[in-house]
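First the structure, in the form of structure tokens, and then the observations on it.
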There are 2 protein chains.
Amino acid sequence: MANIFNLPSELPDRELFEPLVSSNNILIERIVSTGQTTPSGEWYDQEKDEWVILLQGEAELAYVDGSRMALKAGDYLLIKAHQKHRVEYTSSDPPCIWLAIHAKFQQQ
Amino acid sequence: MANIFNLPSELPDRELFEPLVSSNNILIERIVSTGQTTPSGEWYDQEKDEWVILLQGEAELAYVDGSRMALKAGDYLLIKAHQKHRVEYTSSDPPCIWLAIHAKFQQQ
């Protein structure tokens, strides 16, 4: 058993992406951010849907339509496949701890 | 956007099971427990794998081999399909908030 809030004693300068469960059709990963943002002018454009929850820290996402979303601990959202988005802000103290589930959610 | 820690002002006596994402192959749900346990002599025996994380409260699980696991906020584990288990304890103050992902995790 492991704990999602346990962090390495020293965090690297880059974001940490750690698969917790990885299979053909689903990826559950922990992401630890310490101030990193999506590089200027770049967008995430993902093949799969992503359900993501921020469990620690504060962050801000942006969409191509110009809308922004401020997230605090416990906030979750669904980002559909190919819904372009950017990370505009992540707190470093405390670090952001995200739990992300990547899969194809074919709605019934 | 919603927050996993937002609870109804009055919780019912039963456990709350709330699907957050539901599709053919995956269910992401929030479970809120307030002292409930699995009825005596009964076991969960699930068709799908379950990845589960306790996000608030304290709880205890048991397996058929007699082993027990005490969980605190942030602890997560994978319960394989047909791995029989019981919930032996859930705290009511604060309520337990679980995030569970039910799917078939065919390991690569």
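Quick look at the numbers
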quantity: Single residue of B:99, B:7 found to be of a type outside the set (D, E, K, R) and assigned to a strand (DSSP E or B); calculated: B:99
quantity: Residues that are open to solvent by less than 40 Å² (accessible area, probe 1.4 Å) and either touching a helix residue (DSSP H, G or I) at 6+ places or on another chain (Cβ under 7 Å) or within 13 Å of chain A (Cβ to nearest Cβ) (or both), drawn from the stretch B:48-57; calculated: B:49, B:50, B:51, B:52, B:53, B:54, B:55
quantity: Selected residue (only one of B:4, B:26 is modelled with pLDDT under 95 and either among the aliphatic types (A, V, I, L, M) or surrounded by 13 or more Cβ atoms within 10 Å (Cβ to Cβ) (or both)); calculated: B:26
quantity: Residue tally, condition over 28 Å from residue B:7 (Cα atoms), without any contact (Cβ under 8 Å) to a residue 40 or more places away in the chain and of a type in the set (Gly, Ala, Ser), over the stretch A:24-83; calculated: 4
quantity: Odd one out for residue B:94 among (1) closer than 30 Å to residue A:69 by Cβ; (2) open to solvent by less than 50 Å² (accessible area, probe 1.4 Å); (3) modelled with pLDDT of 95 or more; calculated: (2)
quantity: Count of residues meeting criterion [open to solvent by 10 Å² or more (accessible area, probe 1.4 Å) and outside any strand (DSSP E or B)] in the stretch A:58-90; calculated: 12
quantity: The stretch A:97-108, residues that are open to solvent by less than 70 Å² (accessible area, probe 1.4 Å) and either in contact with a Phe, Trp or Tyr (Cβ under 9 Å, 6 or more places away or on another chain) or at pLDDT below 95 (or both); calculated: A:97, A:99, A:100, A:101, A:102, A:103, A:105
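The values are calculated or read from the model by the stated rules, or taken from the named source; none is laboratory data. Note that the coordinates shown come from a computational prediction; the quantities given were computed from them, not determined experimentally. Reconstructed Cβ throughout: ideal geometry from the backbone, glycine too, with neighbour counts over all protein chains shown. Each accessible area value is taken on the protein alone, full model and side chains, heavy atoms only, with ligands, DNA and RNA left out. Shrake-Rupley method; radii C 1.70, N 1.55, O 1.52, S 1.80 Å.
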